[in-house]
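Accompanying notes for the structure given below.
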Amino acid sequence: MSLEDTDTGTPREGHEAVPGFDETLYNEDGHLRTDFTEAVREAVAAGNREAVVGLIGPLHESELGDLLEALASEDRQGLVRLAGGEFDFTSLTEVDEAIRLDVVGSLPNAAIADAIQDLDSDDAIYILEDMEKADQEEVLDRLPFDDRILLRRALEYPEESAGRRMQTEFIAVPPFWTVGQAIDYMREEEELPNRFHEIFIISPQYELLGYVQLDRLLRTGRSARIETIMEESIHPIDAMLDQEEAAYIFQQYDLLSAAVVDNGGRLVGVMTIDDIVDVINQEAEEDIKRLAGVGDEELSDTVLEIARSRFLWLLINLVTAVLASAVIGLFDGTIEQMVALAILMPIVASMGGNAGTQTMTVAVRALATRDMDSYNTRRIIRREILVGLLNGAAFALLIGVIAAWWFSSPDIGLIIAVAMVFNMLCAALAGILIPILLDRLDLDPAIASSVFVTTVTDVVGFFAFLGLAAWWFGI
């Protein structure tokens, strides 16, 4: 595999040299300029390879990824075919899965095999892992033996594990080497990463012993042995570890890179900060989508795919809505005799739902970042209870006065005020306790919390308000 580091490289400023586009390629809103994308479309439609290469050649991989997302499928595929070997396959790691498969599916496996030989191993895995098994095997069979073995081993690790996200390109030396030997090795060896922060120290069995930062290596005399300057506190990451756990280790210890080891403690790869930034963004995006019940859908997904991914959660919401309606049905006689209750009851449920969502969002994020633990959980629960009571009292006073004036009934104002306090308190408890309970059961709080919290606030809100009214007025 090529050891060229495209992820951590400095973004190219060459887009200023794109013919006819001497200004930035992006509008103030952060989108690619329309005239640039139109120029690319016209060049593709005309089959003008020279123009296509001239337009995309100076682009950084992330800019090329934005361009691929801005183009229609046929234009995107035409661009890749016309560009040929000039197309930067690293840009496929910057787009969502649907677009990546669209591009890869339009190319013969031989072309894909030629292209990924020039990529870092983690980028090659990113492209290979989404392909059909038969196509994946054909591409791997076309690679040199060493590359094929490394990629197959990485593909054996679970999805979203450190083993899938690691690079297999790294520098490792034995502890008995001198600093001079290590430096000479790095100068003479052709197969080295372009960018790296440390060299790893290994035993003859490839067991990880420690590491040496480059700055310390360069400050040490050539005759010093590596083992005398290596550091052992290395925070290695197990290859089977979930990528979110690996990101936490990077955050906890302020790492720029970390060794990845197998279950025998042998060095198999390295994770770098650019990989972790991608992981953090991916995990945060997943949590946001799960809170809204939209699964892992992408902007480029088809109508049918999106509808299918959202259907289950909408069905669950329908069931919970029926449950809330059943509570209302228990007090149909009360509502028939006092129309004001039908007008006011959505206010109680809505305010409880919003308050519960606020608490739930804070709780889910705190659990994801491990800011909430056994030491501060009780304090946070007490805080949310007090916040619920305080806000409940404030809005109870406000809506109580409004309702009393609106319907010329102090009793109505008192009833909705009491129901508001009670539901806001229950919303705070549900918003904090439900995510904690799901987390204790080893379930993702982001997936189901919103449904349960909304159900609690709706049912409690309707029951409290209508139940109080039925008891107060004796209906």
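The values are calculated or read from the model by the stated rules, or taken from the named source; none is laboratory data. Because the structure is a prediction, the values reported are computed rather than measured. Neighbour counts run over all protein chains shown; Cβ positions are idealised from the backbone, glycine included.
Residues that are more than 27 Å from N317 (Cβ to Cβ), crowded, with 19+ Cβ neighbours inside 10 Å and in the same structural domain as I347 (by TED's automatic domain parsing) occur at least once in region 417-435.
Report yes if some residue within region 413-420 is touching a Pro at 6+ places or on another chain (Cβ under 8 Å), hydrophobic (A, V, I, L, M, F, W, C) and closer than 24 Å to I343 by Cα; otherwise report no.
Of all residues in region 413-420, those touching a Pro at 6+ places or on another chain (Cβ under 8 Å) come to none.
No, every residue in region 413-420 fails to be touching a Pro at 6+ places or on another chain (Cβ under 8 Å), hydrophobic (A, V, I, L, M, F, W, C) and closer than 24 Å to I343 by Cα.
Restricting attention to region 258-277, the residues being surrounded by fewer than 20 Cβ atoms within 10 Å (Cβ to Cβ) and in contact (Cβ under 8 Å) with a residue 12 or more places away in the chain number 7. Scanning region 182-203 for residues that are within 21 Å of D262 (Cα to Cα), outside any loop (DSSP other than H, G, I, E, B) and either of a type outside the set (A, V, I, L, M) or not assigned by TED's automatic domain parsing to the domain that holds D238 (or both) returns E198, F200. When A428, A419, A446 are screened for being part of a helix (DSSP H, G or I), in contact (Cβ under 8 Å) with a residue 40 or more places away in the chain and in contact with a Lys or Arg (Cβ under 7 Å, 6 or more places away or on another chain), only A446 passes. In the set (1) within 23 Å of F250 (Cβ to Cβ); (2) at pLDDT 90 or above; (3) surrounded by fewer than 20 Cβ atoms within 10 Å (Cβ to Cβ), the condition left unmet by D141 is number (1).
Identify all residues within region 386-416 that are within 35 Å of the chain's Cα centre (by Cα), closer than 18 Å to A464 by Cα and surrounded by fewer than 18 Cβ atoms within 10 Å (Cβ to Cβ); write none if there are none. Within region 386-416, just L389 meets the criteria.
Looking only at residues in region 128-181 that are in a loop (DSSP other than H, G, I, E, B) and among the charged types (D, E, K, R), which one is nearest to L267 (Cα to Cα)?
Taking region 128-181 first, the residues in a loop (DSSP other than H, G, I, E, B) are 129-132, 142-144, 157-160, 166, 168-171, 174-177.
After this cut, where a residue has to be among the charged types (D, E, K, R) as well, the list is 129-130, 132, 142, 159-160, 169.
Values: E129: 22, D130: 26, E132: 29, R142: 26, E159: 20, E160: 19, E169: 11 Å.
Restricting to residues being in a loop (DSSP other than H, G, I, E, B) and among the charged types (D, E, K, R), the top hit is E169.
So which residues in region 84-105 are among the small types (G, A, S) and at pLDDT 90 or above? Break it down into steps so the answer makes sense when it comes.
Step one: filter region 84-105 for residues among the small types (G, A, S), giving 84-85, 91, 98, 105.
Residue satisfying the conditions is S91 alone.
Of all the residues in region 392-416, those that are in contact (Cβ under 8 Å) with a residue 12 or more places away in the chain and not in a helix (DSSP H, G or I) number 2.
For region 64-75, check the following and say yes or no: at least one residue is charged (D, E, K, R) and closer than 28 Å to R152 by Cα. No, that holds for no residue. Look at region 243-257: where a residue is without any contact (Cβ under 8 Å) to a residue 12 or more places away in the chain and on the phi > 0 side of the Ramachandran plot, no partner that is surrounded by fewer than 14 Cβ atoms within 10 Å (Cβ to Cβ) and outside any helix (DSSP H, G or I) sits 6+ places away or on another chain with Cβ atoms under 6 Å. Taking the criterion of being surrounded by fewer than 20 Cβ atoms within 10 Å (Cβ to Cβ), free of Cβ contacts under 8 Å to residues at least 40 places away in the same chain and farther than 20 Å from L119 by Cα, the residues of region 51-70 that qualify are A51, G54, A70.
May I ask you to list the residues in region 105-118 that are out of contact with any helix residue (DSSP H, G or I) (no Cβ under 6 Å at 6 or more places or on another chain) and among the aliphatic types (A, V, I, L, M)?
Applying the first criterion (out of contact with any helix residue (DSSP H, G or I) (no Cβ under 6 Å at 6 or more places or on another chain)) to region 105-118 yields 105, 107-108, 110-111, 114, 117-118.
L107, A110, A111 - these are the residues of region 105-118 that are out of contact with any helix residue (DSSP H, G or I) (no Cβ under 6 Å at 6 or more places or on another chain) and among the aliphatic types (A, V, I, L, M).
Checking each residue in region 316-345 for being without any contact (Cβ under 8 Å) to a residue 24 or more places away in the chain and either over 35 Å from the mean Cα position of the chain (by Cα) or not assigned by TED's automatic domain parsing to the domain that holds G467 (or both) picks out S325, A326, G329, D332, E336, V339, A342, I343.
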